[in-house]
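See structure below.
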């Protein structure tokens, strides 16, 4: 298996532009997670899906952020409009299921976003 | 205040030496505790997962301990190698009403192993 796939790997954009990050989870995994990582705040869980349904989006910082999972093999995280403080590395992770106490999450390589 | 505190923030050790990283948490109730290794420019990789009833778990040269009474965990690395240079992140889970887990993240310990 190729693991979790994210694209693009790097994104540089100007403030105010729309940014779309993409994720393909590991085949057969039912849960998908979006994280943001910065030097100041470390890893933060933004939202997670179970069986394509958003379960908890309490980590989404503002209405400018939205995430979708139209099917089991694809998810997007969109920022519109983007701001310089959104600059971070965004990770997608997937797991077989969520709720099981010993479930392991597998992370993608991340998308490094820079908003100028 | 962060509910998961890691120490030290950074650590430099000589190749071949042992080291111990600490994770203290206040998360309650407790579901499980994970240690992740994150190489520079990559996503985190799970090293160990421990539930309430487990007090030690090993993964090769990595040994994690858990004291659920004092809410402390440690990650011990034996005979360090250059490839151990990475950030190590402690993540504590708390069960929520949906049956899933709330996750609380430490800010990590940056380990550098030098030859």
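Would you tally the residues in the range A:1-46 being without any contact (Cβ under 8 Å) to a residue 24 or more places away in the chain and within 15 Å of the chain's Cα centre (by Cα)?
3
Any residue that is more than 30 Å from residue B:51 (Cα to Cα), out of contact with any strand residue (DSSP E or B) (no Cβ under 6 Å at 6 or more places or on another chain) and outside any strand (DSSP E or B) - is there at least one of those in the range A:84-91?
Pass one, the range A:84-91, residues more than 30 Å from residue B:51 (Cα to Cα): A:84-88.
Applying the additional criterion that residues be out of contact with any strand residue (DSSP E or B) (no Cβ under 6 Å at 6 or more places or on another chain) yields A:85.
Now narrow it down to the ones that are outside any strand (DSSP E or B): A:85.
Yes - at least one qualifying residue is present in the range A:84-91.
Please find, within the range A:49-74, the residue that is surrounded by the fewest Cβ atoms within 10 Å (Cβ to Cβ) out of those that are more than 11 Å from every other protein chain (Cβ to nearest Cβ), within 13 Å of the chain's Cα centre (by Cα) and in a loop (DSSP other than H, G, I, E, B).
That would be A:61.
Only one of A:32, A:46, A:77 is more than 10 Å from chain B (Cβ to nearest Cβ), part of a strand (DSSP E or B) and under 18 Å from residue B:90 (Cα atoms); which?
Being more than 10 Å from chain B (Cβ to nearest Cβ), part of a strand (DSSP E or B) and under 18 Å from residue B:90 (Cα atoms) holds for just one of A:32, A:46, A:77, which is A:46.
Which one is nearest to the other protein chains (Cβ to nearest Cβ) among residues in the range A:8-19 that are loosely packed, with under 14 Cβ neighbours inside 10 Å and part of a strand (DSSP E or B)?
Top of the filtered list is A:10.
Checking residue B:46 against (1) within 11 Å of chain A (Cβ to nearest Cβ); (2) surrounded by fewer than 20 Cβ atoms within 10 Å (Cβ to Cβ); (3) touching a residue at least 40 places away in the same chain (Cβ under 8 Å), which single condition isn't satisfied?
Result: residue B:46 passes all but (3).
Can you confirm whether residue B:21 is over 15 Å from residue B:88 (Cα atoms), within 11 Å of the chain's Cα centre (by Cα), assigned to a strand (DSSP E or B) and more than 12 Å from chain A (Cβ to nearest Cβ)?
On the way: over 15 Å from residue B:88 (Cα atoms): no; within 11 Å of the chain's Cα centre (by Cα): yes; assigned to a strand (DSSP E or B): yes; more than 12 Å from chain A (Cβ to nearest Cβ): yes.
So residue B:21 fails the test.
Can you pull out every residue in the range B:49-70 that is more than 10 Å from every other protein chain (Cβ to nearest Cβ), crowded, with 16+ Cβ neighbours inside 10 Å and either modelled with pLDDT of 95 or more or in a strand (DSSP E or B) (or both)?
B:57, B:62, B:63, B:64, B:65, B:66
If I filter the range A:99-112 for residues that are touching a strand residue (DSSP E or B) at 6+ places or on another chain (Cβ under 8 Å), within 14 Å of chain B (Cβ to nearest Cβ), surrounded by 15 or more Cβ atoms within 10 Å (Cβ to Cβ) and under 13 Å from residue A:13 (Cβ atoms), do I get at least one hit?
For the range A:99-112, residues touching a strand residue (DSSP E or B) at 6+ places or on another chain (Cβ under 8 Å), within 14 Å of chain B (Cβ to nearest Cβ), surrounded by 15 or more Cβ atoms within 10 Å (Cβ to Cβ) and under 13 Å from residue A:13 (Cβ atoms): present.
Considering only residues of the range B:24-36 that are in a strand (DSSP E or B) and more than 11 Å from chain A (Cβ to nearest Cβ), which is surrounded by the most Cβ atoms within 10 Å (Cβ to Cβ)? Working first, answer last.
Residues of the range B:24-36 in a strand (DSSP E or B): B:24-25, B:32-36.
With more than 11 Å from chain A (Cβ to nearest Cβ) added as a condition, the list becomes B:24-25, B:35.
Numbers: B:24: 18, B:25: 22, B:35: 24.
Top of the filtered list is B:35.
The values are calculated or read from the model by the stated rules, or taken from the named source; none is laboratory data. As the structure is a prediction and not an experimental result, all values here were calculated from the model. Note that we place each Cβ from the backbone using ideal geometry, even for glycine, and neighbour counts take in every protein chain shown.
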